[in-house]
Every structure is written in C-alpha cells, then in structure tokens.
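One structure is given below, encoded as structure tokens.
The values are calculated or read from the model by the stated rules, or taken from the named source; none is laboratory data. What you see is a predicted model, and the numbers here were worked out from it, not measured in a lab. Counting neighbours? That spans all protein chains shown, and the Cβs are built from the backbone with ideal geometry, glycine included. Accessible surface areas use protein heavy atoms only, side chains included; no ligands, DNA or RNA. Shrake-Rupley method; radii C 1.70, N 1.55, O 1.52, S 1.80 Å.
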Amino acid sequence: MKGVIEKLNEDGLGILKIGRKEVLVPYTAPGDEVEVQRTRRKKKRRIASEFKIVSPSPIRTKPNCPHFGKCGGCLLQHIPYEEQIRWKAEKISGYLNQEVEVLPSPKIFGHRNRIDVVISTKGIGFRRYGTWWDVVDIDRCPVFGEVSSRVLKSLREFIEDFNLSLYDIKKDEGFLRYIVIREGKFTGEIMINLVTKEGKLPDEFPSYFPYATSVYWSVNRTRSDVSYGDVERFWGQEFIREKLGDVIYLIHPNSFFQTNSYQAVNLVKKVSELVEGERVLDLYSGVGTFGVYLAKRGFKVEGVEVNPFAVEMANRNARLNNVSATFKVGMDRDIENLSNYDTVIVDPPRAGLHPKLVQKILKDAPETLIYVSCNPKTLARDIRMLTKRYRLKFALGLDMFPHTPHVETITLLKRFEM
C-alpha cells in the first residue's frame, strides 16, 4: 500500500486509507507519503510493521532522541510541539463536544521524574514498539534527563564487574530485571530501585551509585513481568522528596506520583482554584497529591484511597507539611454521604469511575465535582451519565506527557436543581 497519511488517530498513529482499506502507521505525520510493506493485526486493527516514508510531510521536525522510531516510549517527537498541543486539544474537544485548551508542559525534555528501564539479554532500555519480547538498548533517555546516562553507565559497570544474569524475556529467566530511576526535579534527589528475581545481590551494589540519595533492592517473587517487588533492602534515605509549590511529598519505590513534576505544579494549582466551599473529599487520593496541597491552603480535607500503602504515604505527607488532612483506606463508592462535602474531587485510573460511584454521585449530588482524568474517552463517558444532575462548567487539558498521545484533563461540574 502506498499513499498519504490523512491524520493521526487518538493513539497517535497515522491513518493511511487506500480505497476501503485502512492501515495505522506509527511515527508518521499528516502529509507524509508512505509505502507499507508489511502489517500485523491488533484488536481488529491493521498496523504497519514495515514501512518507509517516500516523501516527508512539511510539518515534520527532527526528533531529539536517536532511538526515536524504534523505542515505544515516545510516538510524537517528529511532530513540532505546538502541533502536538493542537492535536491533543482537538482530541479532548471532540470527546467533550466543546472547545478545550491544552496547557503546554513547561519543559518538553528532561521533564519525566521516573523511568522504568528493562535489563535484558536484548539490551538495557525500553520495549521496542509493537513488541513485548524485544528491547531497544539505550545509554540515556532525553525525556528523563542527564541523570539517566549517569545511572545507566554505573549499572553497566556493575553488571560487567559481577557478570550477573540478565532477563531473558521470552524464557522468563534471569536475575536482573529492571532498574527504576526517580528524581525530585525540584529537590535534585535521586532514587534507584533495582528489581530482580530471587537470588543474591553483591554487597557492592550501592557503591556504584554514590550520587544517589536512595538506593533500593526489590524482589519480584511473581511470574509477572513488572518493574516493582517486595523491598529486600535499601541504602541511604528511605524516601526521596519532591516539591510542588510550597508542599513537599515523600516518594517511595512503590508509590505513584505524577511523572511530570513541572506540569504537576500547574495541575494542583488549577484544582485548588476550582475548589468551592470549605469541606473537600479527595477520592482516589493516592499519596495526597491534591489533598495535602489543599489542606495547606486551609481547606478541610478528607481523602479515601483503596491502597493501604498509598494512604500511609498520604498521612506521612500531611504530617511532613504540618497540615490536618485525614486519609483513610476505603472503596470510592462506600462513602456514607457525598453531600456532606462542598467539593468532591475524583482522579480515577484510566478505566474511569465505577458505575456504582456514578450512581452514588447522582443520588447524593454534592454541589461541586472536580473530575481529573488521564483518559478523555472514559471522562466523556462518565460526564454523559453525570449530566442528569450536573453541567460541565469548565474543562482544561494539561500536557503531562509530551511526545506521547496521552493528556490530562481537569473538569468542573456543578449540580443543577431539578
């Protein structure tokens, strides 16, 4: 097949149409003339696995990363950043049926505060696009920043000195599995978490990373290919710290934190501006990213989160910042009465709100609802159901994830009288 890419689909793949046939082509831009030699099927879609660009689009730009086009981490580095923002705004606007602005990230390289790097027989790096078994070998990651090159250099020296077995992904064998690098962008603190299968780690391991604030060894005792495990031991500080505005957060290897610290500042600030009233319920409260920030500004905050460890971290963060927010373990839909709160904040995973929670919101009808979402598709679905009692008053996209198809959205919904 040969033709011109018309536009990008919602996943950032170029759409090539020839007659009734449609193929999705990664790493392309609208206006590219491409020739597709081979395709594969995935979820009823045909995706190009071998192709070449015959004539490049005039909007294409040179990617910053030498591994772009192979590594599956970034899909859009070849598209100018202002075009990425325009495309993301169109995507959210289409789902919400109204024009929505997207706030650009303050930094578009060196912005990520976490990367999960595979240590495998194929290489040390990230999954090759379209595969689960192959890895693109890298020496640095531009979206994370210069610390990545230092850590990966130290890791390679450690592996060479001790000749430890690497992860064979297809055979599910090998001792070393992942190295997870985290950095407090506003504090400069660095955490390194080596994830292995069960075995013996040489005592010299932490000495290869003298510049790190915190060094962890975690063991994955399951058959799952995941980049976390049970903490076996740590050296240095138990946590690293990150700062969003005037609030400090503790970060542990097994806790979630927004991956773009620079844009996260804008995220918590905008949410605080939308809160109305005094009493706030923070559902899916995690480590207290919103709750602690709001409590610092005088709101009376209660947080509910299903993950007990996240709740422990949220309460630690509240104490660290000397605020009186309360976080507890619970299911999102088990709150006794949502109408007891002036504002309810929901920040669910990509699957969106549980249908029972949607029904509870409609029944209890708190006056103000702030819905933060990383998936505009499920956000739009949930808002359609909530329009029985609520009107969408405000929507803003924030680009937390430059060079990827993902985008964060903040919406404000207000109850109307029936």
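Using the Karplus relation 6.51 cos²θ - 1.76 cosθ + 1.60 with θ = phi - 60°, the per-residue 3J(HN,Hα) values for the range 168-185 come to 9, 5, 5, 8, 6, 10, x, 7, 7, 10, 9, 10, 9, 10, 10, 9, x, 5 Hz, with x marking Gly and Pro.
Expressed in Å, the radius of gyration and Dmax of the Cα atoms of the range 196-255 are 13.6, 42. Computed 3J(HN,Hα) for the range 219-224, one whole-Hz value per residue from the Karplus formula 6.51 cos²θ - 1.76 cosθ + 1.60 where θ = phi - 60°, is 10, 8, 9, 10, 8, 6, glycine and proline marked x.
State the percent of C-alpha pairs, over all pairs in the range 285-406, separated by a distance greater than 17 angstrom.
Distances greater than 17 Å cover 59 percent of the Cα pairs.
Considering only LYS377, LYS200, LYS185, the Gaussian network model of the chain with Cα springs below 10 Å gives its largest mean-square fluctuation to LYS200. Measuring nothing but how far apart in sequence close Cα pairs (under 8 Å, 6+ apart) lie, relative to its length, the chain scores a relative contact order of 11 percent. Computed over the chain with a Gaussian network model linking Cα atoms closer than 10 Å, the most mobile of ILE85, ILE169, ILE181 is ILE169. Please give the net charge around PHE186, taking every other residue with its beta carbon less than 15 angstrom from that of PHE186, where Lys and Arg add +1 and Asp and Glu add -1. Residues close to PHE186 contribute a combined charge of +4. For the residue pairs LYS185/LYS377; LYS44/LYS171; LYS62/LYS91, the C-alpha atoms sit more than 26 angstrom apart in LYS185/LYS377; LYS44/LYS171. The spread of Cα positions in the range 152-287, taken along each principal axis and listed from longest to shortest, comes to 59, 32, 21 Å. Couplings for the range 408-415, taken from phi via the Karplus curve 6.51 cos²θ - 1.76 cosθ + 1.60 with θ = phi - 60°, read 8, 9, 10, 10, 10, 10, 10, 5 Hz in order; Gly and Pro are left as x. Each listed q (0.21, 0.24 Å⁻¹) maps to a log10 I(q)/I(0) for the range 183-222 from the Debye sum over equal C-alpha point scatterers, namely -0.70, -0.82.
With unit charges on the beta carbons (Lys and Arg positive, Asp and Glu negative) and the dipole taken about the Cα centre of the chain, which residue among PRO206, SER224, SER57 sits farthest to the positive side? It is SER57. GNM on the chain, alpha-carbon springs under 10 angstrom: the most fluctuating residue among MET313, MET191, MET331 is MET331.
Could you work out the equivalent-ellipsoid semi-axes for the range 220-338, taking the square root of 5 times each eigenvalue of the Cα gyration tensor, largest first, in whole Å?
Values: eigenvalues 131, 63, 34 Å².
Sorted largest first and rounded, they come to 26, 18, 13 Å.
Cα-Cα pairs above 30 Å in the chain: how many percent? Value for the chain (Cα pairs over 30 Å): 49 percent. Once both labels are positioned 7 Å from their Cα atoms along Cα-to-Cβ, the gap between PHE416 and ARG41 label points is 4.6 nm. Quotient of the Cα radius of gyration of the range 1-138 and 2.2 N^0.38 Å, N being its number of residues: 1.12. Provide the percentage of antiparallel DSSP beta bridges, counting only those with both residues in the chain; round to the nearest 5. Roughly 70 percent of the DSSP beta bridges within the chain come out antiparallel.
Give me the 1.4 Å probe accessible area per residue for the range 1-107, excluding ligands and nucleic acids, in Å².
On the way: 6000 Å² over 107 residues.
Here the residues of the range 1-107 average 56 Å² of exposed surface.
Within 15 Å, Cβ to Cβ, of GLY286, how many net charges do the neighbouring residues add up to if Lys/Arg are +1 and Asp/Glu are -1?
On the way: positive: ARG114, ARG316, LYS328, ARG350; negative: GLU242, ASP282, GLU302, GLU305, GLU312, ASP332, ASP347, GLU408.
Computed value for this residue: -4.
Apply 1/(1 + (r/R0)^6) to the Cβ-Cβ distance of ASN322 and ARG20, taking R0 = 51 Å, and write down the FRET efficiency to the nearest 0.05. That gives a FRET efficiency of 0.20. As a length-normalised measure over Cα pairs under 8 Å and 6 or more apart, the relative contact order of the range 276-399 settles at 23 percent. Here the extension length gained between GLU83 and ASP246 equals 55.4 nm, from 0.36 nm per residue of separation less the Cα-Cα distance. Atom-type composition of the exposed protein surface of the chain places 48 percent of the accessible area on carbon and sulfur (1.4 angstrom probe).
Over the range 254-314, Cα pairs under 8 Å with separation of 6+ residues give a relative contact order of 36 percent.
Based only on Cα atoms, what mean projected area does the convex hull of the range 105-188 have, in nm²? Numbers along the way, then the final one.
Numbers: hull surface 24.3 nm².
Approximately 6.1 nm², given one-decimal rounding.
Placing pseudo-labels 7 Å out from each Cα toward the beta carbon at ASP161 and ASP230 gives an inter-label distance of 2.8 nm.
The residues neighbouring VAL100, those whose beta-carbon lies less than 15 Å from its own, together hold a net charge of 0 under the Lys/Arg +1, Asp/Glu -1 convention. Can you give the % of DSSP beta bridges in the range 98-242 that are antiparallel, to the nearest 5? Given both bridge residues lie in the range 98-242, the antiparallel proportion sits at roughly 75 percent. Translational diffusion coefficient of the range 355-418 (Stokes-Einstein, Kirkwood radius from Cα pairs, 37 °C, 0.692 mPa s): 265 µm²/s.
Semi-axes, largest first, in whole Å: what does sqrt of 5 times each Cα gyration tensor eigenvalue give for the range 80-137?
Equivalent ellipsoid of the range 80-137: 33, 15, 9 Å, largest first.
When PHE205, PHE186, PHE299 are compared by accessible surface with a 1.4 Å probe, the order from highest to lowest is PHE186, PHE299, PHE205.
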